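The values are calculated or read from the model by the stated rules, or taken from the named source; none is laboratory data. Treat the numbers as computed from the prediction; the structure is a model and nothing was measured. Note: ideal-geometry Cβ built from the backbone for every residue, glycine included; neighbour counts use all protein chains shown. Side chains are part of the model used for accessible areas, which takes the heavy atoms of the whole protein and leaves out ligands, DNA and RNA. Shrake-Rupley method; radii C 1.70, N 1.55, O 1.52, S 1.80 Å.
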Amino acid sequence: MFCCTALAVCLAACAAPDTQRVVYLADYLTPEAAESDAVPAVRAALARCAEIGATKLVLPGGRLRLRPDRAAEKYLFISNNDESLKRIAFDLAGLHDLTIEGCGTELLFTGFVSPFNLEGCTNVTIRDLEIDYTRTFHSEGVVKATGPGWLEIEFPEEYRCDIVNGCLRFRDEEGTVYPFSNLLEFDAERREPAFLANDFWLSGGTIPAEKLPNGRVRIRRDDLTATVGNVMVFGAAARYNPAFTLADCRGVAIRDVDLYHCGGMGVIAQRSDDIELSRLVVVPAPGKNRMISITADATHFVNCGGYIRMIDCVFENQKDDATNIHGLYMAVDRVTGPDRVLLRWRNSGQYGVDFIRAGMRLELVDNDNVETYAHRTVKSAERINKVYTEVTFTEPLPEGVERGHVVAADERYPEVLIKGCRMRGNRARGLLLGSRGPIVVEECYFHIAGAAILFEGDANFWYEQAGVRDVVIRNNLFENGNYGCRGWGAACIATGSRIPDRATSRYHRNIRVEGNTFRVFDPRIVHLYCTSGFRFAADNTIEPTTDYPYLLDEQRPFVAYDCDDIEIEKRN
C-alpha cells in the first residue's frame, strides 16, 4: 500500500546531492495508481530520466501494483526463453549511468508482464526492491489420494481451475489462462524435489481430469505416481516473462533484490559485459506457502564477456538450474560459396538471437567430437530471418566443412566469480559452467537434486558452446546431492556434454577442486569424460551420510574415461 510516512522516510534515506539529476517516481504517482496500476507513472518517470540524463530514479517504498494493460511492448528474442511480444514495466533501453534506488519497494505484478528490460545500457544499477506476482505462472496442488494411473489433488484458492473438454485448465480471477506443460513432485516436508522424482512431460500441455464432489481434481495418466501429502507442481508452459533481461549491455549491477517470482528466468543476459549480482535472493515468497520461486533458471548468461560476479546470492526452489554460462553454436546448413556458409539455429530457444558480426573471429567445430578444426574472420553477416543467417568470411573456407558442423564466437569469454552463494531445493542442477575465461567457485553451499556443478555444452542438442579452460572450485560445502531424477547428474561434479565421438575430444580442461567438504549419501563425487587436466586435492573432505537411501550399484567416488592428466590425491 502506498504510504506517505514510508515515502518520507524513503526520500530522506535516498536523498542525493543537488548536483545529481534525480527523478522521483512519487512525483508521477497518486496513491490510487500505486494501489491499482503504477505502470503509467513508471513510463512517465523513465521518459523524464531519458530527457534529462538522470543519474537516479528513486522509488517510493511501500507496495506498487503493476499490470500489463498500459505497459510498453516490443517483440523480443531472448536466448533460452520464449520469443513473443512482451509487455514491459521498466523498459530501460538506451539508458546510461543510472541507478534505480528501490528503497525497499515491493513491485507486485499481475498477468503476463516483464519487470525489467535493459538493451544497450551502460552503468546501470538496480537495488533494494522486491518482485512478486499476484498469481504465479505455474500452479501447485497437494496430493490427497492416489490410485493406478490417477492422482487426486487439492488446489489452494490461488490456483483456480476448471475442466475444459475433459482436461485441466488453470486461470486467474480475471479469466487469464496459465498453461502448463509438465508435472514434478516436491517433498512437502523437505521442500525440495521428491526423492528420485522425474518430470512428467505432457503432450500438447493437457492432462485428462475431472472435478470431484469434494472440490478436488482427479488427473489421469498411466505412468503417474506421487506420494500422498506431497506437492505436485504444474510447470509453466513457456518462459515469456523473465525478471531481468539484459541485451548488449555493459556494467549492470543488481543488488539487494528479493525475487519471489517471475514467468521465466530470473536474470538472463546476452551479449553483455561486466555483470554483478550481489545479494540477489531468489526464494518462494515468504508467508504465501508456495513451493516454487521462479519458473526457470535463477540466472543465465549467453555470449557474455568482461566479468560475471555472483556474490552472496541465494537461489532456492526455482524450476531449473542456479546458473548456466555458455556461448552459442549455429549449425552449418550448407556451403554457399568458397568463403560463404548458410547457418541456421537448431534449437528453437535460440531463434532470433543474433551474435555474429563483422570482424568477429569464429571457430569451426566438428559436431561429432566438438573439436575446433579452423578459425575464420567474419567479413559480413546477413540475417535472413530468425532461423537463418548467411556469413561471408575474409578468407576461403577450409576443406571438410560439412552440413551439421557448427560455428561459435571465439574471441571473448567472461571471467566468472561465484562466491558465498547458497543453492538448494531447485529442479535439476546447480552451476552449469561453460566460460573459457577463468572461473572461481568458492565458499558456496550446494544441496542440489542433480549435479551441483556440471560442465556441459554440446553441438547436437542444446547447441551451447562451452569447454572450460581454467576452473577453481574451493572451500565449498556439497551436501547430499543427486537425490532427484537420475538424468540430472552422475556425480556432485560431472561432465554432461553429449559428445558422440569421445576418443580424442578433450573439451574441458584445467579444473582444480580444493578444500571442499562433500557431505554425501551418494558416493559419486566426480564423473568425467573428454577432460584434460583435473586435480582433486588431498585437502578435500568426504563425509558419508545416511540422510537418503542410496539405490545404485556404483560405489566408485571417482570415474574418468576418455580423459588425460587426471590427478586424485589421497588424504594423508
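Among the listed residues Leu397, Leu417, Leu431, identify the single one that is among the aliphatic types (A, V, I, L, M), under 20 Å from the mean Cα position of the chain (by Cα) and open to solvent by 10 Å² or more (accessible area, probe 1.4 Å).
Just one listed residue meets the conditions, Leu417.
Wholly within the range 58-166, which strands (runs of 3 or more DSSP E) include no fewer than the required count, namely at least 1 residues that are free of Cβ contacts under 8 Å to residues at least 60 places away in the same chain? So that I can check it myself, show each step before the final result.
Details: elements: 63-66, 72-76, 84-91, 96-109, 114-119, 122-133, 139-147, 150-154, 161-164.
Strands (runs of 3 or more DSSP E) meeting the threshold: 63-66, 72-76, 84-91, 96-109, 139-147, 161-164.
Tell me, yes or no, whether the range 458-477 has at least one residue that is basic (Lys, Arg), part of a strand (DSSP E or B) and under 30 Å from Glu411 (Cβ atoms). Let's see the steps before the verdict.
We begin by selecting, within the range 458-477, every residue basic (Lys, Arg); these are 469, 474.
This time we only want the ones that are part of a strand (DSSP E or B), so: 474.
Next, only the ones that are under 30 Å from Glu411 (Cβ atoms) stay: 474.
Yes.
Could you check, for the range 270-288, whether at least one of its residues is within 19 Å of Cys421 (Cα to Cα), of a type in the set (D, E, K, R) and buried (at least 20 other Cβ atoms within 10 Å of the Cβ)?
Within the range 270-288, not a single residue is within 19 Å of Cys421 (Cα to Cα), of a type in the set (D, E, K, R) and buried (at least 20 other Cβ atoms within 10 Å of the Cβ).
Report yes if Phe186 is hydrophobic (A, V, I, L, M, F, W, C), within 23 Å of the chain's Cα centre (by Cα), surrounded by 13 or more Cβ atoms within 10 Å (Cβ to Cβ) and within 20 Å of Phe112 (Cβ to Cβ), otherwise no.
On the way: hydrophobic (A, V, I, L, M, F, W, C): yes; within 23 Å of the chain's Cα centre (by Cα): yes; surrounded by 13 or more Cβ atoms within 10 Å (Cβ to Cβ): yes; within 20 Å of Phe112 (Cβ to Cβ): no.
No.
Is there any pair with a first residue in the range 560-572 that is over 14 Å from Ala490 (Cβ atoms) and at pLDDT below 95 and a second that is among the hydrophobic types (A, V, I, L, M, F, W, C) and assigned to a loop (DSSP other than H, G, I, E, B) whose Cβ atoms are under 9 Å apart and which are 6 or more apart or on different chains, and what are they?
Lys570/Ala538; Arg571/Ala538; Asn572/Ala538
Out of the strands (runs of 3 or more DSSP E) lying entirely within the range 321-386, which hold 1 or more residues that are free of Cβ contacts under 8 Å to residues at least 12 places away in the same chain?
371-383
Could you please let me know if Glu363 is farther than 20 Å from Tyr507 by Cβ, buried (at least 16 other Cβ atoms within 10 Å of the Cβ) and acidic (Asp, Glu)?
Taking the combined requirement at face value, the residue does not satisfy it.
Kindly indicate whether Phe455 is closer than 27 Å to Ala538 by Cβ, crowded, with 24+ Cβ neighbours inside 10 Å, of a type in the set (Phe, Trp, Tyr) and in contact with a Ser or Thr (Cβ under 6 Å, 6 or more places away or on another chain).
Details: closer than 27 Å to Ala538 by Cβ: yes; crowded, with 24+ Cβ neighbours inside 10 Å: yes; of a type in the set (Phe, Trp, Tyr): yes; in contact with a Ser or Thr (Cβ under 6 Å, 6 or more places away or on another chain): yes.
Answer is yes for this residue.
Mind checking which residues of the range 483-538 are open to solvent by 30 Å² or more (accessible area, probe 1.4 Å), among the polar types (S, T, N, Q) and assigned to a strand (DSSP E or B)?
Asn510, Thr517, Ser532
Out of all the residues in the range 458-482, which are farther than 29 Å from Thr546 by Cα and open to solvent by 20 Å² or more (accessible area, probe 1.4 Å)?
Asn460, Phe461, Trp462, Tyr463, Arg469, Asp470
Show the residue pairs that are 6+ apart or on different chains and have beta-carbon atoms under 9 Å apart, the first residue being within the range 243-257 and closer than 15 Å to Arg279 by Cβ and free of Cβ contacts under 8 Å to residues at least 24 places away in the same chain, the second being open to solvent by 10 Å² or more (accessible area, probe 1.4 Å) and not in a strand (DSSP E or B).
none
Considering only residues of the range 113-146 that are touching a Ser or Thr at 6+ places or on another chain (Cβ under 6 Å) and closer than 15 Å to Leu280 by Cα, which is most open to solvent (accessible area, probe 1.4 Å)? It would help to see each step written out before you state the result.
Taking the range 113-146 first, the residues touching a Ser or Thr at 6+ places or on another chain (Cβ under 6 Å) are 117, 125, 129, 134, 137-138.
So of that shortlist, the ones also closer than 15 Å to Leu280 by Cα come out as 125, 129.
Working: Thr125: 22, Leu129: 4 Å².
Per the criteria, the residue is Thr125.
Only one of these conditions is not met by Glu154: (1) under 25 Å from Val282 (Cα atoms); (2) open to solvent by 60 Å² or more (accessible area, probe 1.4 Å); (3) touching a Lys or Arg at 6+ places or on another chain (Cβ under 6 Å). Which number is it?
For Glu154, the failing item is (1).
Hey, could you check the range 54-71 for residues that are in contact with a Leu (Cβ under 9 Å, 6 or more places away or on another chain) and farther than 19 Å from Glu130 by Cα and say which is surrounded by the most Cβ atoms within 10 Å (Cβ to Cβ)?
Filtering first and then ranking leaves Ala54.
Please specify each residue of the range 192-213 satisfying the condition of being open to solvent by 70 Å² or more (accessible area, probe 1.4 Å) and either modelled with pLDDT under 95 or under 20 Å from the mean Cα position of the chain (by Cα) (or both).
Within the range 192-213, Asn198, Trp201, Ser203, Gly204 meet the criteria.
Which residues, taken from the range 83-112, are of a type in the set (Val, Ile, Thr), surrounded by fewer than 23 Cβ atoms within 10 Å (Cβ to Cβ) and under 14 Å from Gly263 (Cα atoms)?
Matches in the range 83-112: Thr110 only.
Would the range 372-386 turn up any residue that is buried (at least 24 other Cβ atoms within 10 Å of the Cβ) and small (Gly, Ala, Ser)?
Kept after step one, since they are buried (at least 24 other Cβ atoms within 10 Å of the Cβ), are these residues of the range 372-386: none.
Looking through the range 372-386, none of the residues is buried (at least 24 other Cβ atoms within 10 Å of the Cβ) and small (Gly, Ala, Ser).
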